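Take a look at the structure set out below.
Read-outs: derived from the displayed coordinates by stated rules, not from any lab. Just so it is clear, the structure is predicted and the values come from calculations on it, not from any experiment. Cβ placement follows ideal geometry from the backbone for every residue including glycine, while neighbour counts extend to all protein chains displayed.
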Amino acid sequence: MKMKLSVLTASLLAASLFTHSSYVSAKIPFFGAEAGQKMPSLAPMLEKITPAVVNINVAGNREVRQRMPDAFQQFFDQGELRREQPFRGLGSGVIIDAKKGYVVTNAHVVNQADEIRVTLTDGRSFEAKKIGEDPASDVALLQINADNLTEIKISDSDNLRVGDFTIAIGNPFGLGQTVTSGMVSALGRGGLDSEKYEDFIQTDAAINSGNSGGALVNLRGELIGINTAIIGPAGGNVGIGFAIPSTMMKNLVSQIIEFGEVKRGILGVEGNDLNEDIAKAMKVKSTKGVFIGRVTPDSGSDKAGLRSGDVIVSLNGKTIQSMSELRAKVGSMGVGKSVKIGVLREDKQLSFDVKLSESDQANVTAGTMHEMLAGASFSNGKTQDGTAGVMLTEVAERSPAAQLGLQKGDVIIGVARTKVSNVAELRDILSKAKGVIALQVQRENAVYYVLIR
C-alpha cells in the first residue's frame, strides 16, 4: 500500500514539474510534506464513502454431488449421489439509494441463499430482501429497511481510460472492510464465461474472496464498478481483477427495480470479432469492430437497414472493439430502447438508429436458468403440431444439457403439470423451483420427461 501511495504522490508531483521544464535534474529533492503539514492521503475521500460499502452474510441449503462407487452404479440410473447441504457465504455490497435502502451486489454472492444479512460499517445489521437478480451479468439488487444510510454517487464508466486510478473496497476473507488501490489495467474484458454478458473493467487493485459485490471507485469517490471476479492460482490475488462497469450495472438495476428482472434487448445480428483475415477478405481498412454475418429478419437491425457484411464500429458514439463488448453493452439496455449504431460499409461510414427487440426472440443461454442446462441455448418456438414452447437451438457436446439427453430441436412445453409457452415463463418457473424439476419435452411427435435437480 505504501509503495502504491508513493507512486501516486510522485505522479501528481511529476505533473507540475514537467509543466515548467522538459528536463528534471536527478538532484531535485523529493517534495514530501514538511513538519506540521498533512501528508497526501485518500482518507478524507474514503471517510465519506466507506459507509456505503457493506458486508453481506448468507446462509441456505445447496445440492452437492458425490460420485457413486463403481460397484453401486449398476443399481442406479445415475452415477452420483445428491444431497442437500447447508452452506454459509460472505461477500460485499454497495448502497446506491439511501432512501429506499437499495444495495447492489453480485448474483453469485446471494445465489440459493435463504437468509441474507447486511452489516453496515457502524455495526448495525439488517435482514435483506432480494428484489431481483440477473445471473447472466452477475448483478443482484437487495433492499434493507434502515435509516441514516450513506449512498455512493455513480459515475459514468464509459468515460474511463486505461491508467485511471482505482480504489477497491470490500470484505475480503471476512476480515471486515478493506481498502486497496491500483489503476484501470484494461477495458472491455470478456471471454471468462461465454454464457454470460461480460464487459469488465480490469484492475490491479487487490481483489480477493469476499470482495465480490464490493465497490470500485475513482479518486473522487464515485462508483465506477462492482468487483466480481479475479484470475489467480487457487483463487488468490495476482493483480488481475474484474469489475462490472457502473453504467452497465445502473442499466440492469433500473430494469430489476421496474420489472423484477432484466428484460434484455437485442440488436438482431450475429457476428464475429473483426480480424485481419476478415478485414482483408472483405476489403475493410479497420481491424477493430464486429463483422455482421447475419441479420435476423424483422429485427430492429433489419428494419433499420443493417446488412450482412457491415462492420459495427460504434454504439452510441463509443468505439466497439469486439462482439462480447457489443453483446454486453446492448444486453444491459432494455427492450424498446433506441441505440445509434455506427458501421463501415464498403469504406463508407454510416449511422443507423436501431430499436432493440425483445431478447426472447433470440437465443438465450440456458445455463443462466439452471446449471444442469448449461451448454444449451433456448428461443421461443413451436412443436410440429404448432404448440408454443421453448426450443433448444443449440446443445453442446458433452455439456450438462447433452448428458440429460436433450437435443437440438427439442421443445420444452411444460414443467411438471404447468404449461410453458415461452422463455420468460420457463425462466420464471425455474427461478422459483426447488428440488427435482420435471421438464416436459416434445421431440417430433413424442413427449417425454427430463428430470433435473
Once the dipole of the range 398-453 is set up from charges on Cβ (+1 Lys and Arg, -1 Asp and Glu), the residue from the list VAL436, ASN422, VAL411 lying farthest towards its positive end is VAL436
Gained length - ILE231 relative to ASP156, 0.36 nm times residue gap less alpha-carbon distance: 24.5 nm
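Order these by the 10 Å Cβ neighbour count, fewest first: VAL436, VAL423.
Values: VAL436 10, VAL423 25.
Placing the least packed residue first, the sequence is VAL436, VAL423.
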Based on the Cβ-Cβ distance of LEU42 and SER254, what FRET efficiency does E = 1/(1 + (r/R0)^6) give at R0 = 30 Å, to the nearest 0.05? 0.50
Farthest towards the positive end of the dipole of the range 42-262, among PRO51, ILE131, VAL109 and with Cβ unit charges of +1 on Lys and Arg and -1 on Asp and Glu, lies the Cα of PRO51
Put a dot 7 Å past each Cα toward the Cβ at LYS130 and ALA98; how far apart are the dots in nm? 2.9
For ASN145 and ASN275, calculate 0.36 nm times their separation in residues minus their Cα-Cα distance, and state this gained length in nm to one decimal. 41.7 nm
Within the range 98-140, name every residue whose backbone N is under 12 Å away from a label modeled 7 Å from Cα of GLU84 along the Cβ vector. 114
Can you flag which of LYS285/LYS355; LYS263/LYS285; LYS250/LYS318 are past 25 Å Cα-Cα? LYS285/LYS355; LYS263/LYS285
Run the simple label-point estimate for LEU219 and SER431 please: 7 Å along Cα→C-beta, distance reported in nm. 4.1
Given the convex hull of the Cα atoms of the range 135-261, what is a quarter of its surface area in nm²? 8.4
